[in-house]
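Below is one structure, written out as structure tokens; comments come after it.
The values are calculated or read from the model by the stated rules, or taken from the named source; none is laboratory data. Small disclaimer: the values here were computed from a predicted structure and weren't measured. Cβ sites come from the backbone with ideal geometry, for glycine too, and all protein chains shown count toward neighbours.
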Amino acid sequence: MYVRLFAACDRTCGPLGGAVVLLTWFYLLSFIVIVGAEIDAVLSSRSGTIIRAALTGCLAPPTMAITHADPQNTAIHSAEMEVTQMKVAQVAPLYEAVPPKFYGGTERVVAYLCDALVELGHDVTLFATADARTRARLVPVRDQAIRLDDAPLKSDLAAHLSMMYEVRRRARQFDVLHFHVDMLHFPMFEQQSHKCVTTLHGRLDMEDLLPVYTRWSNFGLVSISNAQRKPLPHASWLATVSHGVPARLYPFSPRGGGYLAFLGRISPEKRPDVAIRLAREAGVPLRIAAKVDAVDIAYFERVVRPLLHGPLVEYIGEIGEEQKADFLGGAQALLFPINWPEPFGLVMIEAMACGTPVIAWNCGSVREVVEDGVTGFIVNSEAEALSAIGRVPSLDRERVRATYERHFTSIVMAKSYLDVYARLLKSSAVPRAYPEREGS
């Protein structure tokens, strides 16, 4: 065909003109093929489904409730919008397995979210370490979790940058990219910010955070409590979504045992020393199941270890997920004597799932998790906490469990995130431009 076309052009335009015309036709056909492939890729995506429906006049009216943040971005209200199956990437930290074999909050929440989204019928891909256990499609980006890796020298930054590259390489496969790695991805995903959700899992009262969340304000953020937002009230908040845990993992325990429980991490802000003092003053045994990080070894040796030698206190050490339900369900109450702006406090809802009340200090998210006089007691001093221990038998453990089921299951959490995803997709029909850098 090309030979005949060149001969015809040669007769009418001369040899040079024929070559020019032939090359022009060749580049035109190549352009059509490439553009056609791009259009096909777009139309086969979720956005393409919406585009095709709009072009044919078949875009269905909204049918499914979703939620919207109020003008202050502190609450969620319902609206109407259709939600179909979504392709969601969940990007987890690499410090712990998903879920962690022992202690670990963020990776545990990511695991529960992935499984719940799959249960609700969505297509979920998890970027995590190879030792993850998930119902989602796993993309392993490291052979094992960093904390339990025996290698004497390792780079958590290098591991996370490698994962960011892999997520970016596959980004077009997903409707939503959901990150759980603080702000690490911001510079690499500016052009994809219109479909990124970033859940912040840690404290936000640190010196260098404000410039980052101001500079990359095009990334939508999710808080895990309203209290967590206080240091950054003007950040780009999409919603607050409480953590949730699967009901099947924490069966209801109708009657607790004869001990108080402390579960989590040995550190000054968690104040296990206060829990020990309270238990001894109340004359109630205390069981401590907690890990000691390297940074907290000095505190443990100086403050906590001397207190373990007396009566009524049993130090168990770090326990795994399969032991938590028995440990918490067998307790009379969970002591949560924190002294820091707790972003959420997963152990509180783990205890509540078992029907075990929580005695917690009035810090951070506590008032958003514990219903005073119903699921536990909120206190401001050791004297108030001591009084609360004596009032624990007045609480109804079935009511504690029922409150958990209404607000803090993994399915409730997943549905809240689906509302956020749906709102994001609706607002990003035309992708947001990422801000230009100075001097660009």
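Looking at Arg135, Arg168, can you tell me which residue is in a helix (DSSP H, G or I) and basic (Lys, Arg)? Break it down into steps so the answer makes sense when it comes.
Numbers: Arg135 fails: in a helix (DSSP H, G or I).
Criteria check complete, one pass: Arg168.
Listed residues Gln191, Gln144, Gln173; which is touching a residue at least 40 places away in the same chain (Cβ under 8 Å), assigned by TED's automatic domain parsing to the domain that holds Asn218 and more than 27 Å from Asn218 (Cβ to Cβ)? Give the steps one after another, and end with the answer.
Working: Gln191 fails: more than 27 Å from Asn218 (Cβ to Cβ); Gln173 fails: more than 27 Å from Asn218 (Cβ to Cβ).
Criteria check complete, one pass: Gln144.
Checking Ser427 against (1) modelled with pLDDT under 95; (2) closer than 25 Å to Leu204 by Cβ; (3) in contact with a helix residue (DSSP H, G or I) (Cβ under 6 Å, 6 or more places away or on another chain), which single condition isn't satisfied?
(3)
Yes or no: Ile359 in contact (Cβ under 8 Å) with a residue 24 or more places away in the chain and more than 29 Å from the chain's Cα centre (by Cα)? Give the derivation first.
On the way: in contact (Cβ under 8 Å) with a residue 24 or more places away in the chain: yes; more than 29 Å from the chain's Cα centre (by Cα): no.
Here the answer is no, as Ile359 does not meet what is asked.
Out of curiosity, is Ile389 of a type in the set (Val, Ile, Thr) and over 16 Å from Ala282 (Cα atoms)?
Numbers: of a type in the set (Val, Ile, Thr): yes; over 16 Å from Ala282 (Cα atoms): no.
Criteria not met by Ile389.
Could you go through segment 407-420 and let me know if any residue there is basic (Lys, Arg), under 24 Å from Ser253 (Cα atoms) and either assigned by TED's automatic domain parsing to the domain that holds Val370 or part of a helix (DSSP H, G or I) (or both). I'd like the intermediate steps shown before the answer.
Filtering segment 407-420 for residues basic (Lys, Arg) gives 415.
Checking the rest, the ones that are also under 24 Å from Ser253 (Cα atoms) come to none.
Among the residues of segment 407-420, not one is basic (Lys, Arg), under 24 Å from Ser253 (Cα atoms) and either assigned by TED's automatic domain parsing to the domain that holds Val370 or part of a helix (DSSP H, G or I) (or both), which makes the answer no.
I'd like the full set of residues that are of a type in the set (Val, Ile, Thr) and surrounded by 23 or more Cβ atoms within 10 Å (Cβ to Cβ), limited to segment 177-196.
Keep residues of segment 177-196 that are of a type in the set (Val, Ile, Thr), which gives 181.
Residues satisfying the conditions do not exist here.
Answer yes or no as to whether Ser242 is within 23 Å of the chain's Cα centre (by Cα), part of a loop (DSSP other than H, G, I, E, B) and of a type in the set (Gly, Ala, Ser). Explain how you work it out, then say what you get.
Numbers: within 23 Å of the chain's Cα centre (by Cα): yes; part of a loop (DSSP other than H, G, I, E, B): yes; of a type in the set (Gly, Ala, Ser): yes.
Answer is yes for this residue.
Residues Leu126, Leu157, Leu184, Leu161: which one is within 29 Å of Met206 (Cβ to Cβ), in a loop (DSSP other than H, G, I, E, B) and out of contact with any Asp or Glu (no Cβ under 8 Å at 6 or more places or on another chain)?
None of the other options fit; the residue is Leu184.
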